[in-house]
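**Student:** Sending over a structure as structure tokens; questions will come in a sec.
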Amino acid sequence: MRVVTGSPRRTNTRELVLAAAERLFAEHGYDGTSLEEIGRAAGLSRGTPGYLFGSKPSLYAAVLEQILERARVALAPAYARVRDPGEPVEEALAAFVEAHVRLLAGAPELARLIQWEALDEQRRLVQALRARFDALVELAQELRTRLGRPGLPRDDAAALVVDAAALLWLPLAHADALEPAVGSPLRSEEALARQARELLAFVLARLRA
């Protein structure tokens with residue numbers, strides 16, 4: 001027997017609340033956003049977010065889960081390819097780097113939430129990303145071996161991941177502020193392709209050193 005878990009109307013209302021919450025949390029941070037404001041932004045009653053999610057922490061957790069799931073789905077093909085020992089390292093890594101560049105360019109909410117959380121002692125999103133960092137460190141060690149180089153100590157692999165993340169993060173997370181200063185777009189197709197090439201060259205050089 002089929003179990004009905006929710007009406008289409010309730011599902012649509014939940015999606016409206018999540019979309020409004022994601023936008024407002026990204027714009028104003030966790031502390032600067034109220035459930036009432038989210039309800040109004042969603043075009044619903046002020047009490048709807050609390051009714052559906054119970055509390056602001058629960059709604060925020062649902063927003064983070066939604067964002068991270070979108071990122072996981074977007075990156076899954078690139079992760080599978082770069083983990084495949086049958087794939088040429090350079091080609092697989094190029095696709096892996098490009099996937100991350102395009103994800104961050106297309107997900108400004110993720111970048112803004114991470115920046116807000118740098119001011120928050122709880123840092124919920126950062127905690128959720130910790131496991132991903134460890135996986136990237138292990139990947140760097142694996143790729144180094146596949147390139148025929150000596151084993152890479154964990155500290156060195158961690159430093160490579162941090163440096164690569166910084167090169168990825170800065171121009172895209174701060175594009176709105178940097179574009180007027182540099183006088184050119186940082187999220188155009190040409191700019192994204194150039195950033196992916198330069199980041200790939202950096203990572204390969206470090207892995208081969």
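The values are calculated or read from the model by the stated rules, or taken from the named source; none is laboratory data. Owing to the predicted nature of the structure, the values given are computational and were not obtained by experimental measurement. Neighbour counts run over all protein chains shown; Cβ positions are idealised from the backbone, glycine included. The protein model used for the area step is the full one, side chains on, heavy atoms only, and it has no ligands, DNA or RNA in it. Shrake-Rupley method; radii C 1.70, N 1.55, O 1.52, S 1.80 Å.
**Student:** Based on the Cα gyration tensor of segment 52-91, what are the three equivalent ellipsoid semi-axes, each the root of five times an eigenvalue, rounded to whole Å and given largest first? If you can, show how the numbers build up before the last one.
**Tutor:** Details: eigenvalues 249, 8, 8 Å².
Gyration-tensor ellipsoid for segment 52-91: 35, 6, 6 Å.
**Student:** I need the phi-derived Karplus couplings for segment 58-70: 6.51 cos²θ - 1.76 cosθ + 1.60, θ = phi - 60°, integer Hz, Gly and Pro marked x.
**Tutor:** 5, 5, 4, 4, 5, 5, 4, 4, 5, 5, 5, 5, 4
**Student:** Taking 0.36 nm per intervening residue step and subtracting the Cα-Cα distance, what contour gain separates VAL73 from SER45 on full extension?
**Tutor:** Details: separation 28, 0.36 × 28 = 10.08 nm, distance 3.21 nm.
Gain on stretching VAL73 to SER45: 6.9 nm.
**Student:** With equal scatterers on the alpha carbons only and no solvent term, can you work out the Debye log10 of I(q)/I(0) for segment 123-163 at 0.14, 0.19, 0.33 1/Å?
**Tutor:** Computed log10 I(q)/I(0) values: -0.33, -0.54, -1.08.
**Student:** Evaluate the relative contact order of the chain (contact order divided by residue number), counting alpha-carbon pairs under 8 angstrom at least 6 apart; express in whole percent. Mind dumping the intermediate values first?
**Tutor:** On the way: 168 pairs, mean separation 36.6, N = 209.
Relative contact order here is 18 percent.
**Student:** Assuming 0.36 nm per residue, please report the length gained on full extension of the stretch GLU15 to ARG197 beyond their Cα-Cα distance.
**Tutor:** 61.9 nm
**Student:** Once R0 is set to 22 Å, what does the formula 1/(1 + (r/R0)^6) return for the Cβ-Cβ distance between GLU142 and TRP169, expressed as a FRET efficiency to the nearest 0.05? Each step should come with its number before you reach the end.
**Tutor:** Working: r = 23 Å, r/R0 = 1.04.
Given R0 = 22 Å and the Cβ-Cβ separation, E is 0.45.
**Student:** Let me ask something else about it. I'd like the Karplus ³J(HN,Hα) series for segment 89-94: coefficients 6.51, -1.76, 1.60, θ = phi - 60°, whole numbers in Hz, and an x wherever there's a Gly or Pro.
**Tutor:** My calculation for segment 89-94 gives 4, 4, 5, 5, 5, 4 Hz in order.
**Student:** I would also like to ask the following. How large is the Rg to Rh ratio of the chain when both quantities use alpha carbon positions and Rh follows Kirkwood?
**Tutor:** Numbers: Rg = 19.9 Å, Rh = 19.2 Å.
Dividing the radius of gyration by the Kirkwood radius yields 1.04.
**Student:** State in Å² the accessible area per residue of segment 55-162; use a 1.4 Å probe, count heavy atoms of protein chains only, and round to the nearest integer.
**Tutor:** Numbers: 5670 Å² over 108 residues.
Accessible area per residue, segment 55-162: 52 Å².
**Student:** Continuing with this model, one more query. Once you sort the root eigenvalues of the Cα gyration tensor of segment 84-164 as a ≥ b ≥ c, which label holds: rounded (a/c under 1.5), prolate (a/b larger than b/c) or oblate (the other case)?
**Tutor:** Oblate shape, in that a/c is at least 1.5 and b/c is the bigger or equal ratio.
**Student:** Roughly to the nearest percent, how much of the accessible area of segment 79-204 is carbon and sulfur, given a 1.4 Å probe? All intermediate terms of the calculation are to be shown ahead of the outcome.
**Tutor:** Working: 3930 of 6890 Å².
Taking all protein chains in place, segment 79-204 shows 57 percent carbon and sulfur surface.
**Student:** When the helix-only estimate is applied to the chain (DSSP H runs of n ≥ 4, each -39,500 (n - 2.57), divided by the residue count), what is the mean residue ellipticity at 222 nm, nearest 500 deg cm²/dmol? Write down the numbers at each step before the final one.
**Tutor:** On the way: 10 runs with 161 residues, N = 209.
That comes out to -25500 deg cm²/dmol.
**Student:** How far apart, in nanometres, would the label points at ALA181 and ARG132 be if each is projected 7 angstrom from Cα along the Cα-to-Cβ direction?
**Tutor:** 2.5
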